[in-house]
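I have placed the structure first, in the form of structure tokens, so that the comments after it can refer back to it.
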Amino acid sequence: VVVCRCVESVVEMVQSGRFASVRGVNAGTMWVSVCVVLLSLNSARVVLAQDDPILIEDRVIVFEFQNLDFGPQSWLPGFSTPWLYDEGTEPFFESRTDLGWYAMGNIRMNPSGTGDGSCQSGGSGVATQTQVLQREINLPDDLDSPLSDYTVSITDLTLDPLSFEHVNVIDDSRPWNTANEGGDRNRFYEEAVFEILDKGEVVFRAVGVNYTQNLSYPQPAGPGENGQFALSAFLLGMIDLDQTNEIWREQIDPEGNGVFFAALTGTQLGGNTCFTASSLRFAVRPLTGLLPPISGALPSTPGQIATAGRMADAAVAMGGIVGFSALAGSLASIGVLAATGLTSAAAVSVNVPGTGVSKMLRTAQYGAMFGQIKNAGFSEQMLAFTDGLDPYMMRWDAPFSSSSGARRMAVRRHQFLSRSTARQDGDIDDDTFVDEPTTTNTALWSFVALLLCVVMHGIVWLFTRKAAAETQLSIHAFFAYISMCVIAWVYVGAVLVAIQYLASHPNGSGTAGGYAAASMMIIFIGIALLALVIFIGVRAYKDYSQGRLEWVPKKEASDPSIRDSKIVAGSYYTDPENKFHAILACWYEGYTGPRLWMLFGEWVLLILMTIVTGAVAVSTVVVIVVAVLAAIFTIMLLLLHPFVDKIEQILVSLVAALEMGVAFCAIGSEFANGETVNDLNEALIIIQLIAMICTFVLAFYTDLITIFVALWKLIKEYRNRGNTSEYNAVDPEAEFMVPNDAGEQLQKSLDNVDLAIQQGLFMSEDRVEDSALDPAALPGYAGKSDARNFDSAEVSPVTTDQF
């Protein structure tokens with residue numbers, strides 16, 4: 001501007017003739033030349049300034065939400081939120097009056113300004129506006145819009161009530177309700193979406209945004225002076241690579257971490273009404289040093305994360321269908337046996353299912369545990385898949401509360417962003433994937449499942465304790481199968497979360513509730529249930545080695561259906577009085593006699609993996625140990641062929657080989673960088689999903705078919721109970737009841753025997769004389785001991801007792 005004014009002045013002087021020639025050179029021309037040179041230099045400086053990029057450390061975007069709705073914040077029923085403190089001389093006594101301050105339940109935009117501040121109105125009555133105050137990033141001309149063209153938006157942020165915690169902001173070793181030292185920690189984990197728009201078009205978008213806030217109360221409750229709160233907070237999320245302009249993304253995230261971080265730089269808080277309008281100002285700056293640029297996985301796109309989540313949901317849904325179908329079929333069979341009064345013969349003929357559902361659960365847990373390995377550099381896509389398998393690990397929110405799901409995702413995001421880094425949130429200061437709510441919720445659901453199993457078994461036993469012994473054994477056998485599935489479902493998740501909590505909260509740094517829940521799971525699930533499994537396996541192998549449980553290969557089997565089978569390798573025979581086998585055969589009957597000890601193989605694999613995953617913080621060590629265990633188990637299956645059913649052998653061996661492939665993909669990703677990690681993790685997801693599909697087929701083959709065939713058989717027996725009663729009326733004292741169709745077959749057989757005796761087809765005279773048996777003692781023989789007189793011998797009918 002100065003140069004231009006200089007030129008204008010010089011031109012005016014030249015036109016007025018006030019310049020004289022200097023040594024033949026017009027002075028006006030000289031001054032014009034000087035001004036032109038100065039103008040050129042200034043233009044060059046402007047061009048150079050435009051070409052000089054803004055350094056990473058100087059890049060910033062400042063935006064402001066004016067009049068965000070905070071609320072509800074009240075003690076009123078239906079609108080209640082955590083209490084902060086009370087105004088006045090007793091700040092640590094909740095009066096439940098207008099003197100009380102409460103945490104805001106939601107932070108949200110109110111574009112139309114609805115409400116009047118009351119709880120019932122649902123709004124503050126002040127319209128929300130947004131603006132971008134500063135934009136210091138390098139943009140080309142076509143993206144370089146004036147600040148007035150930009151707006152920002154964010155979806156609702158909802159308070160996680162269990163994340164609220166009163167703290168002493170001066171000295172955390174002292175109680176929070178110490179005068180002038182009180183405060184709280186609020187966390188908002190709802191999956192919010194943040195956007196920056198240029199003339200209504202999205203140029204930057206972040207998903208999975210959570211808001212973290214630490215608050216110090218005003219005096220006398222806290223250290224805040226002049227009745228003011230002291231507030232620190234930030235927004236943290238993942239950049240949506242699909243919806244964000246590439247240049248904007250490079251400017252805000254130059255290292256490609258995929259991180260969106262906005263620190264709170266200014267506030268204007270509203271009053272103490274149920275809904276109030278407050279303004280928040282944030283500054284977005286690039287986060288550097290989170291991840292080395294070439295190490296670890298690259299950020300996954302929201303599409304990849306969503307696809308992985310849908311794959312996990314499908315796996316959980318299929319597992320739920322299979323598992324609850326097996327449960328329903330088993331309970332229905334128990335109900336028919338208990339309620340209809342079927343004969344003991346019908347109960348004895350029922351086959352119990354195998355271990356397919358248990359194998360399905362263990363395979364899903366095997367995959368889910370890879371997402372629990374500490375400090376592993378897995379991709380977000382893989383973590384979304386493994387987190388989606390949480391139902392297999394007994395990880396749900398507690399009833400009537402909503403915390404763990406959103407909180408777990410927030411913790412997971414913090415850990416992904418901050419591995420190998422200085423952390424942005426001092427509250428999350430370890431690599432654990434569990435906190436007290438996760439631990440207590442897992443304990444709650446685990447013990448509920450086990451307790452329901454015991455209670456149902458006890459109730460059914462109470463109503464059937466006078467039934468026939470064989471009927472009771474069949475009912476107990478079905479409950480043994482249900483218990484086996486429940487234990488397989490509960491064990492790994494409960495033990496893992498207990499070890500994780502104890503390992504990450506040493507020296508009393510945890511809470512009493514967390515320690516109590518973890519200890520109970522270790523004692524009553526980790527140790528007690530393991531002792532039960534060991535007892536069953538040892539007792540079964542002892543019975544086998546001592547001959548009480550006989551394994552007969554199919555070549556030696558007396559049953560032609562087993563001897564001629566191309567699928568079955570043999571069968572077990574035992575004393576009908578062996579109640580242990582009658583009830584608990586489902587645990588081990590799928591293994592051949594010489595390989596009964598293989599019952600412990602997969603249990604050892606999962607227990608060791610659980611302990612290593614929960615306690616060891618070096619991810620490379622964990623994945624190597626897991627890979628070695630998986631390889632040993634797979635080789636044993638392929639060499640020993642331990643299963644009775646060949647189809648089961650093929651499916652289980654295939655699943656074991658796939659699990660070994662999963663482990664080696666995890667090892668590869670530990671030593672790879674960048675896109676290779678993402679590719680290996682994607683391969684891991686696919687292999688794990690195929691393994692789970694194989695276990696669904698296995699569960700259908702070994703469990704569901706057997707269960708529903710047994711159920712149909714029991715229903716058919718019940719429908720034919722009238723025919724059975726008519727036959728039993730012929731000989732009410734008979735111990736063994738024979739249905740009508742069996743009686744007809746028996747009569748035909750007796751007729752054939754009678755004819756054979758009359759024709760002398762059984763023995764020759766010499767064989768009778770040489771035999772140690774007395775022919776007169778043979779059933780149905782009433783004649784002399786001379787075989788030549790068989791044709792005149794009297795034959796008495798064979799009774800049911802003799803048969």
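Some observations on this one:
- Highest-first packing order for the peptide set 299-308, 690-699 is 690-699, 299-308, based on the mean count of other beta carbon atoms within 10 Å.
- Just so you know, the Rg over Rh for segment 226-328 is 1.19, from Cα atoms, with Rh as the Kirkwood radius.
- Point-to-point label distance, Glu201-Arg185, nm (Cα→Cβ direction, 7 Å offset): 4.4 nm
- By average C-beta atoms within 10 angstrom, highest first, the peptides 494-502, 273-281: 494-502, 273-281
- Accessible area of Tyr85 (1.4 Å probe, protein heavy atoms only, ligands and nucleic acids ignored): about 10 Å².
- Sequence of Met636, Met520 when ordered by accessible area, the most exposed leading, probe 1.4 angstrom: Met520, Met636
- Rh (Kirkwood; distinct C-alpha pairs) - segment 542-695, Å: 17.7 Å
- Computed over every Cα-Cα pair of segment 148-296 and binned at 10 Å starting from 0, the pair-distance distribution P(r) comes out as 10, 32, 31, 19, 7, 0 percent.
- Fraction of alpha-carbon pairs over 15 Å apart in segment 633-704 - percent: 58 percent
- Solvent-accessible area of segment 211-314 (1.4 angstrom probe, protein heavy atoms only): carbon and sulfur portion equals 49 percent.
- At the listed q of 0.25, 0.30, 0.32 Å⁻¹, the Debye profile of segment 575-614, built from one uniform point per Cα, gives log10 I(q)/I(0) equal to -0.84, -0.96, -1.01.
- Per-residue extension of 0.36 nm, minus the Cα-Cα distance of Lys566 and Arg96, leaves a gain of 161.6 nm for this segment.
- Fraction of alpha-carbon pairs over 24 Å apart in segment 103-223 - percent: 50 percent
- Under a 5 Å amide H cut-off, with hydrogens placed 1.01 Å from N, Thr265 pairs with Arg281, Phe282, Ala283 among residues at least 5 apart or on other chains.
- Rolling a 1.4 Å probe over the protein heavy atoms of segment 125-192, with every protein chain left in place, gives an accessible area that is 44 percent carbon and sulfur.
- Here Ile650 and Arg719 are evaluated by their C-beta separation; at R0 = 51 Å the FRET efficiency comes out at 0.85.
- Computed across segment 517-603, the Kirkwood radius stands at 14.4 Å (inverse of mean 1/r, all Cα pairs).
- Using the Cβ-Cβ distance between Ala127 and Ala449 with R0 set to 51 Å, the FRET efficiency from 1/(1 + (r/R0)^6) comes to roughly 0.50.
- Unsatisfied cross-links (Cα-Cα over 19 Å) in the set Lys359/Lys579; Lys566/Lys713; Lys359/Lys646: Lys359/Lys579; Lys566/Lys713
- For segment 563-654, trypsin sites (Lys or Arg not before Pro) are listed when DSSP marks them as loop and at most 11 other Cβ atoms sit within 10 Å of their Cβ; the list is Lys566.
- For segment 652-664, 3J(HN,Hα) per residue [Karplus equation, 6.51 cos²θ - 1.76 cosθ + 1.60, θ = phi - 60°, Hz, x = Gly/Pro]: 5, 5, 5, 4, 4, 5, 5, 5, 5, x, 4, 5, 6
- The distance between label points at Asn578 and Phe535 comes to 1.9 nm (points 7 Å beyond Cα on the Cα→Cβ vector).
- Calculated FRET efficiency for the pair Glu57/Ser112, C-beta based, R₀ 60 Å, to 0.05: 0.90
- Extension gain for Ile522-Asp313 works out to 72.3 nm (0.36 nm per residue, less the C-alpha to C-alpha distance).
The values are calculated or read from the model by the stated rules, or taken from the named source; none is laboratory data. The structure displayed is predicted, hence computed values, not measured ones. All Cβ positions, even for glycine, are placed from backbone atoms using ideal geometry, and neighbour counts span all protein chains on display. Heads up: the accessible areas ignore ligands, DNA and RNA and are worked out on the full protein's heavy atoms, side chains in. Shrake-Rupley method; radii C 1.70, N 1.55, O 1.52, S 1.80 Å.
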